[in-house]
Amino acid sequence: MEKSMKINFRLNKTLKSNIITYGIVIAAYIIVQLLVNAGQVSNLMKGLLVPICIYTIMAISLNLTVGILGELSLGHAGFMCVGAFSSALFSISMLDAIPNAGIRFFFAILIGAFFAALAGIVVGIPVLRLRGDYLAIVTLAFGEIIKNVISVVYIGKDASGLHFSTKNAMALNMAKEGTVIINGAQGITGTPKNSTFTIGVILILITLVIVLNLIHSRSGRAIMSVRDNRIAAESIGINITKYKLMAFTISAALAGVAGVLYSHNLSALTATQKNFGYNQSIMILVFVVLGGIGNIRGSMIAAVLLTLLPELLRGLNTYRMLIYAIILIVMMIFNWSPKLIDLRKRYFHKNRAEKERA
Amino acid sequence: MALLEVKDLEVYYGVIKALKNISFEVNEGEIVALIGANGAGKTTTLHTITGLLKSASGTIQFDGHDITKIRGDKIVGMGMAHVPEGRRVFAALSVYENLKLGAYTRRDKNEIDETLQMIYKRFPRLLERKNQPAGTLSGGEQQMLAMGRALMSHPKVIVLDEPSMGLSPIYVNEIFDIIQEVNKSGTTVLLVEQNAKKALSIANRAYVLETGAIALSGDAHELMNNDSVKKAYLSE
Amino acid sequence: GSGKTSETTAAGEKAASGESSGAAASGEGSFKIGGIGPITGSTAIYGQAVMRGAELAIEEINADGGINGAQIVYNFQDDENDTEKAVNAYNTLKDWGMQMLVGTVTSAPCIAVGAESSNDNIFQLTPSGSAVDCAKFENQFRVCFSDPNQGAASAQYIGENKLATKVAIIYDSSDVYSSGIHDKFLSEAANQGIEIVSDEAFTADNNTNFSVQLQKAQDSGAELVFLPIYYSQAALILAQAKQMGYEPQFFGCDGLDGLLTVENFDTSLAENVMLLTPFAADAKDELTQKFVTTFKEKYGETPNQFAADGYDAVYAIKAAAEKAAITADMDASAICDALKTSMTEISVNGLTGENMKWSKDGEPDKAPKAVKIVNGVYTAM
Amino acid sequence: MMSFISYFINGLSLGSVYAIIALGYTMVYGIAKMLNFAHGDVIMIGGYVVFTVVSTMGLGPVAGILLAVILCTVLGVVIEGVAYRPLRMASPLAVLITAIGVSYLLQNIALLVFGSNPKSFTSVVTVPALKLLQGKLIISGETIVTIISCIIIMIGLTMFIKKTRAGQAMLAVSEDKGAAQLMGINVDGTIALTFAIGSALAAVAGALLCSAYPTLTPYTGSMPGIKAFVAAVFGGIGSIPGAFIGGLLLGVIENLSKAYISSQLSDAIVFGVLIVVLLVKPTGILGKKINEKV
Amino acid sequence: MALLEIDNLGISFGGLRAVDNFSITIEKGQLYGLIGPNGAGKTTIFNLLTGVYKPNTGTILLDGENITGKKTVDINRAGIARTFQNIRLFKELTVLDNVKTGLHNAYSYGTVTGILRLPKYFKVEKEMDERAIELLKVFGLDEEKDILASNLPYGKQRKLEIARALATGPKLLLLDEPAAGMNPNETTELMDTIRFVRDNFDMTILLIEHDMKLVSGICERLTVLNFGQVLTQGKTADVLNDPEVIKAYLGE
Ligand SMILES: Nc1ncnc2c1ncn2[C@@H]1O[C@H](COP(=O)(O)OP(=O)(O)OP(=O)(O)O)[C@@H](O)[C@H]1O
Ligand SMILES: Nc1ncnc2c1ncn2[C@@H]1O[C@H](COP(=O)(O)OP(=O)(O)OP(=O)(O)O)[C@@H](O)[C@H]1O
Ligand SMILES: [Mg+2]
Ligand SMILES: [Mg+2]
């Protein structure tokens, strides 16, 4: 009797924490919608809603790799890139075939997730044997490869179907009325703008369900055991490769979903250092680390704050990235310095003790 | 005056108070044992003395200096050596390089070499494995290396955290002999041990630590006959 | 140098304060013109040039009594050459109350912003967004040539003037501008009887070492090397070619403008380089000279083609606005409708062309000038 | 054949630049066990200092390099002390992110101080180019100087770490900071020294990088920094000769793949080769495999 | 019937013959001790048995099945579980989750079931919880089940490691110095626990230990290893009185 009560209590505790996380997302959504309807939200903020969803999903997804699986990935934007391009290609070529934007976008999301997952497996199988910094560098390399390769891909469509080349648009040898969809470095233009805040929030919630439920399941424990002690995990019969690959692939697929939102939010899609290069991968890592490695809720909050910050600093003009850098450094030290952490803990502890006494 | 004097020491891990007002002293030439159950705070005490941890309040005097706020490496330079819990050998470095690092604070090449030979004599296995990366040594071999490395600094005080852990019976005896020998040659010893019986048998004085506070103290032989000590730590 | 340093910083501050004072002065009597481009990040040179060129024009116009009697307030936003940031910048400007947009500076962001501005029906004139799609919508016009236009014009110029039959190309395959010109050049070269003997690329991540590309050009016997790229890389290519002892004819487009003004650049390296450009800082006409002098005074740097594009864009807006007789109290959409028509009716004498006219599809009609660098200065050909 | 040799030699020139950067990278990476993503930007600052001294103030290249070394050393130590030291006991990832912040900071300071326009760098190397086979093969003075500097630095660093007390202290610190302190090693001092040396090398690398590819912008250091980091991993993390070999190899592979496979895809190919090498030899070319004792 | 039969096992590290011609037979249900001086090769034998190292020579039969050279994971599934000389817990997991991870292969539901929280998820998780708590009780750890493993004191960490190993449902349990770092009282307690496990779980146990009180107190048979080779084997009392063993290992 007493035993089962204890078990329930424990489940309740994780459940409670999860509910808070979902609650924050839903509450934020409702508040924003109310404000938008009341006309209280600026164009800038409205424009930022979808990017915020994109980076929140990226942060959660990378946290699965970095925080839960315990492997450093510096190429996460590469998966986003795969998701963005594959889905944009799909949407553009299906513009006529599937006129219903909702259905088309639904399939685009699946396509983006699928191809990103595929990339995750292709990279993961050979690469997950490596450890630590070596894995980091290989994922970085992979991200750069994807970016580099995508910017030499030319895909066109005419009556006889899709044409493909890595040389230039002329080499596609299309019929006269054919259209170039992916034009090398010039990328894709004219992707339908299907991403909305509502869809973004739904996708965040789905991402959260997947990641949080995974963590608190049998497979999640296996993944975390690999993180905590590889040798011990093997010794109790856990198939390390399988679980590493599983986490990595899920993480890649979610990044792919973020990519779909990305490509369907802007009408010009190119693969540059800025959006899909290592700079972006590192930016997402910043969300994860600043918010707390393995702390899903924290990384979501960090993603939102750091996506907003440079926009809020716009008034500083040429100084804004300088100030941004300083704020980033200060926040990192504030959040991570062991001395400050101790100090904060003791301060709160004291406060609480005093409150209790009162 | 005592060589090492700890007064009203308080140490926290975050909000957890691990040491509560601990005071004790170690006189020159003594062997002092610190015993206590798992988690009593023995390791914490030693870490604070050698500067790996910072105390929240209290003072530590060593050799006439207040070392409470002094950087750990300087404390070592003043003549304090520490054999840490968990051995902490430099895994990628060879046995020889580990030993050389033990003598980091010393300059005289000839003297260092002398000590090295002395250690090789006491731990022949280390000489045998001179060039093996320390990380691949067996548990007991690493324990010997940790001990040898600390002795390389020719310290005034040596602080030992469970030096017999993982050693075979024959080596446990050996290590206690070595401790006594080192002590005879002029080094003061502060010893933390689970093997309380052995520890008390070679110590002059002892302190019993319970949940972060000193519960008992006194002459080692008297403590060995103390009923509560017998019951709690000697399993008799 | 140090003197220059403080001036550059001061310019940054001005830009920042210019915006805030603009906000204060945003009474009934002023037009709000926004600008977007990269002013931080690795492509900051282009954005800063446009920002300053336009700023200069606006100050002149304001000093001269403004447009239709109304002053202009100017607000330039950074986009780091990123599509997403560009849309953010655009939205920021919308919040500020922008009525007309000078931007964006680079192509991919320009396309992304175009989708938004056409939706909102805000007039957009990009000084330098050269990709075809930068002028896709009705509300979009541009000052510079489009990429295909430049690619075709280059091939025609080389063919018609019989500069070479064997041509090598070195281009930036990761850059929209460069690969746009490159592609069109390739197709037009066939019509001009030009043989492309070597066609090599580099990327933004790999743009300092050109030994392979140059050697391939040399080995293939190219008499002319076509460089549809920006001048910062061209400066390196010229230096490296010199080191190899390779001296073909180099031929570039408007991106090469600025070459001679790279600080500390050994201009002898650029001797005999030809380029098709609408603007040359060394041109002797009064307009250019005045512009260059003022710009140097104000910002401590010699203006490049981007600065000129920005300058011309503002004057084009002025002309169109006067033609349509718009007033500052009109909303952005009404202004856009008015300017859409008047843009096609004006003719502007600018830094980047005389008698510039615009077609309905947003393209400028002006003649590219071919110039050759002789004794360290541009000489018309 | 002729052109192959020439591609190869040009690859070596490129590789020597990667190598000299990688040496500094490896130094910090191997000892402080942190990915100092700001290293490339210290290089850039070094480049600007040399540029200012030589081209603006008109002093000699030696003065330029000396001043750059001094300033970069100070800069490195300050960065370490202010931004990295407070996070000494925190997760290495936290320090990595702070390093990113420092990298942005340096880039934006340079952007504000020196402007966005590229500057043409006057080579600090006065050694004439080596002309072989009637001038068909040219090895530039920069390449010769860079390779020689690499070798000197490599030997110097190796000796320093092997033979000096400070070097041994660095090894100990890299393994276990707490245990190193118990040996009487000043951990903070040792790490500061590591940064000082790493940054001094960055200054030299900056001068040579900008001499070989004479252009200077606030972003000059970032891509070579990443490439050099890749080179360091390629050669084996923490291995000084590994960084040298990794750098040279990277340069050669990059140039040959540009020449014989595709100039558009050369980066992809270089990274592809890196992945393959690491799969075959998971600790890089000269990296030692330390088996964890179970 | 013999549960474990090792014949002529050997491995070298560089020039060092760490284990040589090692043979041993352990009957089902036995409590067997492996002792020997530091560096004799005891832990190495555990590593060979569990596939951490691949042997150069020899065969290992577990319950008649040849497991020589197999992967660690497969060996665990075949029925060998172990603890480590230097504790290896999943430090960021709770005590309960450490044990549930050990139950990974005994209870099963798919990843998708877990993500979608299908009814099976709740059912199996509940079973796992119950089983895990049962195991924790054996070691007196049920009170601490929600604490992170890294926050346990040293002695309890050792116990948790045993519990986790037991959770995998092995036929053979290998314990590497289970009493290291424990005081005599705790050691006595541990001896009782080990006996309890043997009796109640039908377990065969092979353990390495330097604490003679524990060895003489619970081991039925001993093998003494010296320089990688078997010095002697036999009943505990006999072995401990062997003058060779006293000379090489026990002293005095
Ligand atoms: N890093 C830490 N963070 C939080 N608590 C800690 C930490 N290290 C030790 N403690 C706690 O502080 C108390 C004292 O620990 P300490 O390691 O000093 O004990 P000990 O007497 O050395 O025990 P043992 O015999 O197990 O070595 C214990 O309750 C322990 O759980
Ligand atoms: N990976 C390795 N590389 C080189 N030598 C090794 C390696 N692993 C173990 N050794 C050596 O093999 C010998 C046996 O080591 P092992 O760990 O098996 O000893 P042990 O009997 O468990 O000793 P202890 O009681 O001290 O733990 C030791 O001398 C050790 O140094
Ligand atoms: Mg302890
Ligand atoms: Mg062992």
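The values are calculated or read from the model by the stated rules, or taken from the named source; none is laboratory data. Keep in mind that this is a model prediction, so the values were computed, not measured. Methodologically, a virtual Cβ is constructed for each residue, glycine included, from the backbone with ideal geometry; neighbour enumeration extends over all protein chains shown.
At a glance:
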| read-out | value |
| --- | --- |
| Condition met for E:Tyr53 (within 16 Å of ligand 2 (Cβ to nearest atom) and modelled with pLDDT under 95) | yes |
| In segment C:118-154, residue surrounded by the fewest Cβ atoms within 10 Å (Cβ to Cβ) [restricted to those that are over 15 Å from the mean Cα position of the chain (by Cα) and aromatic (Phe, Trp, Tyr)] | C:Phe137 |
| Qualifying residue in segment E:3-19 (condition: aromatic (Phe, Trp, Tyr), surrounded by fewer than 22 Cβ atoms within 10 Å (Cβ to Cβ) and within 14 Å of chain B (Cβ to nearest Cβ)) | yes |
| Selected residue (only one of A:Gly277, A:Gly292 is within 14 Å of chain C (Cβ to nearest Cβ) and either crowded, with 24+ Cβ neighbours inside 10 Å or at pLDDT below 95 (or both)) | A:Gly277 |
| Count - residues of segment E:122-144 that are farther than 21 Å from A:Ser219 by Cα and surrounded by fewer than 17 Cβ atoms within 10 Å (Cβ to Cβ) | 4 |
| Some residue of segment E:126-138 being free of Cβ contacts under 8 Å to residues at least 12 places away in the same chain, facing another protein chain (nearest Cβ under 8 Å) and over 30 Å from E:Asp176 (Cβ atoms) | yes |
| Segment B:19-51, subset among the small types (Gly, Ala, Ser) and away from ligand 3 (no atom under 11 Å from the Cβ), residue nearest to the other protein chains (Cβ to nearest Cβ) | B:Gly51 |
| Segment E:33-61, residues that are in a loop (DSSP other than H, G, I, E, B), within 12 Å of another protein chain (Cβ to nearest Cβ) and in contact (Cβ under 8 Å) with a residue 12 or more places away in the chain | E:Gly36, E:Pro37, E:Ala40, E:Gly41, E:Thr50, E:Gly51, E:Val52, E:Tyr53 |
| Boolean, D:Ala243 is part of a helix (DSSP H, G or I), over 27 Å from A:Ser151 (Cβ atoms) and either within 14 Å of chain A (Cβ to nearest Cβ) or of a type outside the set (A, V, I, L, M, F, W, C) (or both) | yes |
| Options A:Ile223, A:Ile204: the member that is of a type in the set (Val, Ile, Thr), out of contact with any Asp or Glu (no Cβ under 8 Å at 6 or more places or on another chain), within 14 Å of chain E (Cβ to nearest Cβ) and buried (at least 22 other Cβ atoms within 10 Å of the Cβ) | A:Ile223 |
| Options B:Lys156, B:Lys231; residue that is basic (Lys, Arg), more than 12 Å from chain E (Cβ to nearest Cβ) and either away from ligand 2 (no atom under 16 Å from the Cβ) or at negative phi (or both) | B:Lys156 |
| Some residue of segment A:114-125 being within 14 Å of chain D (Cβ to nearest Cβ) and not hydrophobic (A, V, I, L, M, F, W, C) | yes |
| Conditions (1) touching a Leu at 6+ places or on another chain (Cβ under 9 Å); (2) of a type in the set (Ser, Thr, Tyr); (3) under 30 Å from C:Phe251 (Cα atoms); number of the one not met by C:Ser107 | (1) |
| Test: D:Ser55 is in contact (Cβ under 8 Å) with a residue 24 or more places away in the chain, in contact with a strand residue (DSSP E or B) (Cβ under 8 Å, 6 or more places away or on another chain) and buried (at least 21 other Cβ atoms within 10 Å of the Cβ) | no |
| Test for A:Ile146: is it over 30 Å from D:Ala231 (Cβ atoms) and of a type in the set (Val, Ile, Thr) | no |
| Segment C:118-137, subset in a loop (DSSP other than H, G, I, E, B) and farther than 16 Å from C:Phe306 by Cβ, residue farthest from the other protein chains (Cβ to nearest Cβ) | C:Asn121 |
| Matching residues, segment B:5-29, being under 23 Å from B:Lys198 (Cα atoms) and buried (at least 20 other Cβ atoms within 10 Å of the Cβ) | B:Phe24, B:Val26 |
| Boolean, D:Ala268 is more than 9 Å from chain A (Cβ to nearest Cβ) and either more than 28 Å from D:Ile153 (Cβ to Cβ) or crowded, with 24+ Cβ neighbours inside 10 Å (or both) | no |
| Pick from segment B:69-84, criterion crowded, with 20+ Cβ neighbours inside 10 Å and either of a type in the set (A, V, I, L, M, F, W, C) or over 13 Å from D:Gln181 (Cβ atoms) (or both), ranking: farthest from ligand 4 (Cβ to nearest atom) | B:Ile75 |
| Of the criteria (1) in contact with a Phe, Trp or Tyr (Cβ under 6 Å, 6 or more places away or on another chain); (2) assigned to a helix (DSSP H, G or I), which one C:Asp95 fails | (1) |
| Filter pass, E:Gly64 being away from ligand 2 (no atom under 16 Å from the Cβ), at positive phi and more than 12 Å from chain A (Cβ to nearest Cβ) | yes |
| Only listed residue being assigned to a helix (DSSP H, G or I), closer than 19 Å to C:Ser211 by Cβ, touching a residue at least 40 places away in the same chain (Cβ under 8 Å) and under 19 Å from the mean Cα position of the chain (by Cα), chosen from D:Met223, D:Met170, D:Met154 | D:Met223 |
| Matching residues in segment C:277-307 - criterion: being surrounded by 24 or more Cβ atoms within 10 Å (Cβ to Cβ), aliphatic (A, V, I, L, M) and not in a loop (DSSP other than H, G, I, E, B) | C:Ala307 |
| For B:Val182: the one exception among (1) buried (at least 23 other Cβ atoms within 10 Å of the Cβ); (2) more than 16 Å from ligand 4 (Cβ to nearest atom) | (1) |
| Considering residues of segment E:1-51 that are more than 25 Å from E:Leu214 (Cα to Cα) and in contact with an Asp or Glu (Cβ under 8 Å, 6 or more places away or on another chain) only, the residue farthest from ligand 1 (Cβ to nearest atom) | E:Met1 |
| Evaluation of A:Ile236 against (1) closer than 26 Å to C:Asp205 by Cα; (2) within 12 Å of another protein chain (Cβ to nearest Cβ) (one fails), failing number | (1) |
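Residues are listed down the side, and each one gets a yes or a no for (1) more than 9 Å from every other protein chain (Cβ to nearest Cβ); (2) within 20 Å of A:Gln273 (Cα to Cα); (3) within 17 Å of the chain's Cα centre (by Cα):
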{"position": "C:Asp78", "(1), (2), (3)": "no, yes, yes"}
{"position": "C:Asn81", "(1), (2), (3)": "no, yes, yes"}
{"position": "C:Thr92", "(1), (2), (3)": "no, no, no"}
{"position": "C:Met100", "(1), (2), (3)": "yes, no, no"}
{"position": "C:Thr106", "(1), (2), (3)": "yes, yes, yes"}
{"position": "C:Cys110", "(1), (2), (3)": "no, yes, yes"}
{"position": "C:Glu116", "(1), (2), (3)": "no, no, no"}
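Here's the yes/no breakdown for (1) touching a Lys or Arg at 6+ places or on another chain (Cβ under 7 Å); (2) not assigned by the TED database to the domain that holds B:Thr48:
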| position | (1), (2) |
| --- | --- |
| B:Asn98 | yes, yes |
| B:Thr115 | no, yes |
| B:Lys121 | no, yes |
| B:Arg129 | no, yes |
| B:Ile170 | no, no |
